[in-house]
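What follows is calculated from the coordinates using simple rules that are stated; it is not laboratory data. Just so it is clear, the structure is predicted and the values come from calculations on it, not from any experiment. We place every Cβ from the backbone using ideal geometry, glycine too, and count neighbours over all the protein chains shown.
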Amino acid sequence: MPVETVFLIGSETRLIVTTTNLLAVLDVSQFLASLDKAYVCLRQFESFAHNAARYAQPPLVIEDLILRVLNIKVEGLMIGRIRVESPGIWEFIGKLFPFEVIRKGLNDRHERKKDESYRNSQEEKRLRLENMSRETGVVRERIDLLRSAGFPEDAIQELVKTFITEPLIELQDNSRISHEAFIEGE
């Protein structure tokens, strides 16, 4: 299922997914659940980063920080339209930051899949995604907000792992659909 692009229409950001194959209901439900979880986690991380100064009160206990982020209420992913035919289209409406991180994460996976001889262990995958998420400009900006608020590197690494790396790994690994996905985009 190709994820073709992320684009803005007014103040809305849309993610377009094009389907060309027959899809099992279980695969679709797993993909949608993983996509929504990744989207919500990224929205929570973004909100936390933008309000980092409010949360940077010592002592900084990582478990408490994770609970604070989990308690941030954000709107989940919305379906804008679905066209059921061949090719079919799923259009999701949401915020730019999560869509960009998801797009870049799935695109990175597609590039790795092109080289069939290259196989990662689970740890190497996790480290690559962590590095990718740190290097992605939109994520780096949020990490810089946490640093400027005084968060220690170990807390930042744990937040990135919990709210970016792990949801992206789940999105990539839990659904046959995301294994076939690639992103062409901006």
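Peptides 137-147, 51-61 ranked from most to least packed give 137-147, 51-61, packing being the mean of other C-beta atoms within 10 angstrom over each peptide's residues. Each peptide among 71-83, 37-49 gets the average number of other Cβ atoms lying within 10 Å of its residues, and from highest to lowest they stand as 37-49, 71-83. 3J(HN,Hα) along the range 45-55: 4, 4, 4, 4, 4, 5, 10, 4, 4, 5, 9 Hz, from the Karplus curve 6.51 cos²θ - 1.76 cosθ + 1.60 with θ = phi - 60°, whole Hz, x for Gly and Pro. Label-to-label distance, L67 versus D173, with points set 7 angstrom from Cα along the beta-carbon direction: 2.7 nm. Extending 7 Å from the Cα toward the beta-carbon at both N51 and R140 defines two label points whose distance is 2.8 nm.
A Cβ-based charge dipole, computed about the Cα centre of the range 43-107 with Lys and Arg at +1 and Asp and Glu at -1, lands at about 120 debye. Rounded to the nearest 20, the size of the Cβ-charge dipole of the range 11-82 about its Cα centre is 160 debye, with Lys and Arg at +1 and Asp and Glu at -1.
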